[in-house]
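Colleague: For reference, the structure I am asking about is given below.
The values are calculated or read from the model by the stated rules, or taken from the named source; none is laboratory data. Everything quoted here is computed from the prediction, not taken from an experiment. Cβ placement follows ideal geometry from the backbone for every residue including glycine, while neighbour counts extend to all protein chains displayed. These area figures cover heavy atoms from the full protein model, side chains too; ligands, DNA and RNA do not enter into them. Shrake-Rupley method; radii C 1.70, N 1.55, O 1.52, S 1.80 Å.
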Amino acid sequence: MSTTLQEQIASPERGVKKNYLNADHTIASWLLTTDHKRIAVLYLVSISIMFFIGSIAAAFVRFELTSPYGQWLTSEQYNKMFTAHGVVMIFFFLIPSVPAVLGNFVLPMAIGARDLAFPRLNLLSWYFFVIAAVLMLATLAMGGIDTGWTFYTPLSSLYSDTQVTMALVAAFIAGFSSIFTGLNFVATVHKMRAPGMTWFRMPLFVWGSYATSLVILLGTPVVAITLLLVLFERVFKIGIFSPELGGDPVLFQHMFWFYSHPAVYIMILPAMGVVSELFACFSRRRVFGYEFVAFSSLGIASLGFLVWGHHMFLSSQSVFQGVVFSLLSFMVAIPSAVKAFNWTVTLYKGSVHLTTPMIYALAFLGLFLIGGLTGLYLASMDTDVHLTGTYFIVAHFHYVMVGGGILGFLGGLHFWWPKMFGRMYSEFWGRLSALIVFVGFNFTFFPQFMLGYLGMPRRYHLYAFAPEWQFYNVLSTAGATVLGVGFLLPAFYLTASLVKGKKAGPNPWGAKGLEWENADSPPITENFERIPIVTGQVYDYDAEEDSRLIRAELDDHERRDKAHLPGEH
Amino acid sequence: MAAHAHAESIEDSVYFQYETLEQQQETYILGMWAFLLTEIMMFGALFLAYTVYRFQYQRDFFIFHEQLDWKLGGLNTVVLLSSSFSMALAVHYHQIKKKAATLWCLAFTNLCAFGFLAIKSIEYGEKFKHHLFPNDSFVWDAALHGGNPEHARIFFSLYFVMTGLHGIHVLIGILVITTLMVLIAKNHRLITDYIPTEMVGLYWHFVDLVWIFLYPLYYLIPK
Amino acid sequence: MSTNTDTQDHGAHAHHVTPIGKLAATFGFLLFMMALTVVAARLPLDMPDTFGWLSPYFFVTNAIALGIAIAKAVAVVRIFMGAKYASKLIKLYAIGGFIWFTQLFIMFFDYGTRNWEEVRGWEKVPSSSLPRNRDSDAGIPYPVYPGSHAGSEMSGTSEASGEAGSGH
Ligand SMILES: [Cu+2]
């Protein structure tokens, strides 16, 4: 800690210094980089493209549903649209979003390392991602797939005559991309911590990423081999999962959900870690019950492996096993609630600053709560009989995945943006788009709870038999439009900030953590001048002093925003 | 990479992200074990599928398994165990810095791996000849052997998938071991200590481990 | 970085070098167990060989085969792979992996208890339909022989369908 917080805020300008961005400008220096920060930027660009493509598919789906008569798309086209949306969003956006972008960038710095343990493996992971993404896009261009992202057999193996084979290969490769990232994180967290960085001095984001990585390591290979078996069944017509060939389709569902329920935690656990950072920083308090929040990540990760059967209550799964899975699913609510309560208590008596990242974090808390609590209806077997396969389940997982995963990602992106690129974005536009996202999101997905309760089945593109559902569907589509605007805005003002944004000091939020206190913005290629020695506790905020400083900083920033002064260069 | 600039001599070979050599070595070994974790789960899912069908079609599985040659399978087990032993020796010799002995042991391991694949391909050839590969031309002469032809499909599907995936691992092992031998022989800068050999060794022992379970589960099914 | 040369020496003897004798003994043990498992599997044990997984014969033979396999695996992991001499962290990962793998077998609770409660409709074997978009003549993906059991005993899931097979 060479400079105090005050000095850093007072004098953000230090002249043009070498950093990881301006170290080299050639294309090759980006495509062959082993720097975890550059790979994070590469990932950010790639997943943004995939997010855009997935959103277009979603737009088609929402547009089609404004009419009860299925006017615009054929059933086949509609099936391909929602499948494209699901596959692209899950495998190519949600799973890599927080770990591969924010985790890659922040995790080594947060524990005081110069890089991940295996930088070349990290680059390989990105290449695997790109190959998989290109394959998947080629699949979509060649006509798409109509199986849904779940690839249920025997539809995917024997019946569907769409491009399932290629999609399976793409998903398989994408799986290895995330395995490599997980492998890297595990080794890094175990072995690369700076002197003095004990397990209980690690930021909660690192805890979350570590738990996620374990889930990736233990779950992804299972789905990889399962998809491979579907592939073999499709290509060679060997019989594993299809009843026509003597196999058992429920076995596929077991093996698929053994990964795919934990995959939900792959998407949400790192986001939970992100908002833990945000709550601590913008309440100027240590996260209440730090140890409990840390262990609840591991608790969720391990319990999450024992609940997959709640997706199969209506398959021919044994009723008795269903009871056990139902009970275990309820138990996962405990560690999740531990987190939610501790975040709430962190806010209590903290000095809360409603910055853009904090608005995202608060939105996360509310929406994740709704998503989590509606999950309990689906975890109990009798209500699930009515609700499964309806829009209730669609609304539920969007509340968790979008309201949790994506908002966590956006919050983290806005939080670490100054660190990544050394520039502040417009706080006004940031807050505005966060609010638009929040409002649009609720308008999109809350009506879907209603629809699900009324019994509208998912994956239907016409509901002429119940035209009274149109009201909610139109409401949802209108909300989706607003949501789309909210997601599009950051693309503009964040990009603009790269050129016009005010230069950020090393620690514009006055946050605690090695990446803020010991590294420049943007950091040098080696992250730190010298490896920091950690002596203090984590989240060691001094609420009074910090809040005075950050308020001054933000006021200053807002004044500049209002005066439309171009940032200093 | 800047790290290589001062990694010229064999003695000073710590990548820039590590502080000490010991840290680097331990991290590599840990990374390898974490990778083996994923391998365990990957083969684990296949063993699970096997167990599900074995429980349901126990009698049929006994009938089908008589099509597999337990002598050839046993020979393959011995071959793989020997290769594993010589791999352990290779690590031992590399640890005490005996380069020639290391190379000889690795060569023997590779020889065994080739032998394994050769024997395996003889077995596969037999199955193909009798139309036991479960594709469109699959023929299960039920009248002759008994057993449900559908279950026969499943049995041979699992057999080919599991031994096939294992065979691919052996093939990758051959490539990796050959690369390692070349690098060691050339005193390449990537090989600065015995850790690469140890990592390849861990992988190879894991391949052996899978076969240890595959052999009794396919070739020695009790009645 | 300047401390590298110091730690070099520490690194050299921080790792255990397994003596050749120990490796050879392990190899011998593995070969012996391998012979044992072949003998045990082909030994005609005199037990009631009622088919199915409830027969004691099935239990004993499988327990022997798997027990031997596990013993061999433990030897390989401990000695060849050096888990015995490795750090606690490595041990944790090695043991954890094998424990986690057994978690997959939770699904046997499903297969084991499916027919505890009769569910209407499940007692019948679902009639297999031909996949769409495939030539109906060549479409049957496996040859059916007139003399085979395919018709009578195909009961896909002999466990799940319970008494349905006998009622056929
Ligand atoms: Cu689930």
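Colleague: Taking amide H positions as placed in the peptide plane 1.01 Å from N, state which residues far from A:Arg423 in sequence (5 or more) or on other chains have amide H under 5 Å from it.
Modeller: Those lying under 5 Å, H to H, from A:Arg423 are A:Ala504.
Colleague: Pick out, from C:Ile106, C:Ser87, C:Gly67, the residue whose Cα sits farthest towards the positive end of the charge dipole of the stretch C:20-113, with +1 on the Cβ of Lys and Arg and -1 on the Cβ of Asp and Glu.
Modeller: Toward the positive end, the furthest listed residue is C:Ser87.
Colleague: Taking R0 as 41 Å, what FRET efficiency do you get between B:Thr51 and A:Thr74 from their Cβ-Cβ distance, rounded to the nearest 0.05?
Modeller: Details: r = 43 Å, r/R0 = 1.04.
So the FRET efficiency works out to roughly 0.45.
Colleague: All other residues with a Cβ under 15 Å from the Cβ of B:Tyr219 taken together, and with Lys, Arg as +1 and Asp, Glu as -1, what is their net charge?
Modeller: Working: positive: B:Arg54, B:Lys71, B:Lys120, B:Lys127, B:Lys223, C:Arg42, C:Lys72; negative: B:Glu66, B:Asp69, B:Glu123, B:Glu126.
Net charge around B:Tyr219: +3.
Colleague: To continue, here is another question. What does the highest-first list of A:182-193, C:29-40, A:306-317, A:204-215 look like by mean Cβ count within 10 Å?
Modeller: Values: A:182-193: 24.7, C:29-40: 17.4, A:306-317: 20.6, A:204-215: 27.9.
Descending packing order for the listed peptides: A:204-215, A:182-193, A:306-317, C:29-40.
Colleague: Also, quick follow-up: Kindly express, to the nearest 10 degrees and within the range 0 to 90, the angle between helix A:407-421's C-alpha long axis and the longest C-alpha principal axis of chain A.
Modeller: 40 degrees
Colleague: Return the carbon/sulfur percentage of the accessible area of the stretch A:35-562, one whole number, probe 1.4 Å, all protein chains in place. List each step's numbers first, then the result.
Modeller: Numbers: 11610 of 16370 Å².
Reported share for carbon and sulfur atoms: 71 percent.
Colleague: Ok, one more. Determine which residues of the stretch A:264-305 fall in the zone a paramagnetic label at A:Lys349 would reach in this model, i.e. backbone nitrogen under 20 Å from the point 7 Å along Cα→Cβ.
Modeller: Flagged as within label range: A:279-293.
Colleague: Which residues make up the longest stretch of chain A clear of GluC sites (Glu not before Pro) that lie in a DSSP loop with no more than 14 other Cβ atoms within 10 Å, not counting the sites?
Modeller: Result for the longest clean stretch: A:14-528.
Colleague: Moving on. Give, ordered by residue number, each residue of the stretch C:100-114 whose 1.4 Å probe accessible area is reduced by a minimum of 40 Å² on adding the remaining protein chains to the chain alone.
Modeller: The answer is C:Trp100, C:Phe101, C:Gln103, C:Leu104, C:Phe105, C:Ile106, C:Met107, C:Phe108, C:Phe109, C:Asp110, C:Tyr111, C:Arg114.
Colleague: Using only protein heavy atoms and a 1.4 angstrom probe, determine the accessible area buried between B and C, summed over both sides, in Å² to the nearest 100. Provide the component values of the computation, followed by the final result.
Modeller: Values: alone 12180 and 14440 Å², together 20280 Å².
Buried: approximately 6300 Å² between C and B.
Colleague: Mind listing the phi-derived Karplus ³J(HN,Hα) values for the stretch C:17-24, rounded to whole Hz, using 6.51, -1.76 and 1.60 with θ = phi - 60°, and x for any glycine or proline?
Modeller: 9, 6, x, 4, x, 5, 5, 5
Colleague: What size of dipole, in debye to the nearest 20, comes out for the stretch A:35-562 about its Cα centre when the only charges are +1 on Lys and Arg C-beta atoms and -1 on Asp and Glu C-beta atoms?
Modeller: On the way: 31 positive and 30 negative charges, 166 e Å.
Magnitude of the dipole: close to 800 debye.
Colleague: Report, in order of residue number, the helices in chain B meeting two criteria: a C-alpha extent of 15 Å or more along the helix axis, and a mean Kyte-Doolittle hydropathy of at least 1.0; treat each whole DSSP H run as one helix.
Modeller: In chain B, the long hydrophobic H runs are B:149-185.
Colleague: Before we go on, tell me the buried accessible area for the A/C pair, both chains summed, 1.4 Å probe, in Å² to the nearest 100.
Modeller: 2700 Å²
Colleague: Additional query: Which whole number gives the average count of other chain Cβ atoms within 10 Å of the Cβ atoms across peptide B:214-221? Don't skip to the end; give the middle numbers.
Modeller: Numbers: counts 1, 7, 13, 4, 0, 3, 10, 4.
Per residue, the number of nearby Cβ atoms from other chains is 5 on average.
Colleague: How large is ³J(HN,Hα) for each residue in the stretch A:64-80, as worked out from phi by the Karplus curve 6.51 cos²θ - 1.76 cosθ + 1.60 (θ = phi - 60°), to whole Hz, x for Gly and Pro?
Modeller: Coupling constants for the stretch A:64-80: 4, 7, 5, 10, x, 9, x, 6, 9, 10, 7, 4, 4, 5, 5, 4, 5 Hz.
Colleague: So with the 1.4 Å probe, I'd like the accessible area per residue for the stretch B:43-133, rounded to whole Å².
Modeller: 38 Å²
Colleague: Can you give the log10 of the normalised intensity I(q)/I(0) at q = 0.09, 0.12, 0.19, 0.20 Å⁻¹, computed with Debye over equal Cα scatterers of the stretch B:1-137?
Modeller: -0.51, -0.80, -1.28, -1.33
Colleague: Here's a follow-up. If the cut-off is a Cα-Cα distance under 26 Å, which lysines reach A:Lys419, setting aside same-chain residues fewer than 8 apart in sequence?
Modeller: Leaving aside lysines fewer than 8 places away in the same chain, those within reach of A:Lys419 are A:Lys17, A:Lys18, A:Lys37, A:Lys191, A:Lys500, A:Lys502, A:Lys503, A:Lys512, A:Lys562.
Colleague: Quick one: Karplus J couplings for the stretch A:284-289, per residue in order, coefficients 6.51, -1.76, 1.60, θ = phi - 60°, nearest Hz, x for Gly and Pro?
Modeller: For the stretch A:284-289, the Karplus-derived couplings read 6, 9, 5, 4, 5, x Hz, x marking Gly and Pro.
Colleague: Give, as a single signed number, the net charge of other residues whose beta carbon lies under 12 Å from the beta carbon of A:Phe313, with Lys and Arg counted +1 and Asp and Glu -1. Walk me through the intermediate numbers first.
Modeller: Details: positive: none; negative: A:Asp382, A:Asp384, C:Asp110.
Counting the neighbours of A:Phe313, the net charge comes to -3.
Colleague: So which trypsin sites (Lys or Arg not before Pro) in the stretch B:105-214 pass both tests, a DSSP loop state and at most 16 other Cβ atoms within 10 Å of the Cβ?
Modeller: Working: sites: B:Lys120, B:Lys127, B:Lys129, B:Arg153, B:Lys186, B:Arg189; in loops: B:Lys186, B:Arg189.
Loop-located and lightly packed - B:Lys186, B:Arg189.
Colleague: With runs of 4+ DSSP H residues as the only contributors, calculate the mean residue ellipticity of chain A at 222 nm using -39,500 (n - 2.57) per run, divided by the residue total and rounded to the nearest 500. All intermediate terms of the calculation are to be shown ahead of the outcome.
Modeller: Details: 19 runs with 364 residues, N = 569.
When only DSSP H runs of four or more count, the value is -22000 deg cm²/dmol.
Colleague: Kindly provide the chymotrypsin sites (Phe, Trp or Tyr not before Pro) of the stretch B:146-223 that DSSP labels as loop, not H, G, I, E or B, and whose Cβ sees at most 12 other Cβ atoms within 10 Å. Intermediate values should be presented prior to the final figure.
Modeller: Numbers: sites: B:Phe155, B:Phe156, B:Tyr159, B:Phe160, B:Tyr194, B:Tyr203, B:Trp204, B:Phe206, B:Trp211, B:Phe213, B:Tyr218, B:Tyr219; in loops: B:Tyr194.
Passing both the DSSP loop test and the Cβ count: no residue.
Colleague: Return one whole number: the accessible area per residue of chain A in Å², for a 1.4 Å probe.
Modeller: Values: 19380 Å² over 569 residues.
Solvent-accessible surface per residue comes out at 34 Å².
Colleague: Give the span of the stretch A:362-450's Cα atoms along each principal axis, as three whole-Å numbers ordered largest to smallest.
Modeller: 53, 21, 17
Colleague: Go from 0 up to the bin containing the longest alpha carbon distance in chain A, width 10 Å each, and give me the % of pairs per bin.
Modeller: Percent of Cα pairs in each bin: 4, 18, 29, 27, 15, 6, 1, 0.
Colleague: Hey, another quick one. Would you compute the Debye intensity of the protein assembly as shown from its alpha-carbon atoms alone, equal scatterers and no solvent, and pass along log10 I(q)/I(0) at q = 0.10 Å⁻¹ to two decimals?
Modeller: -1.24
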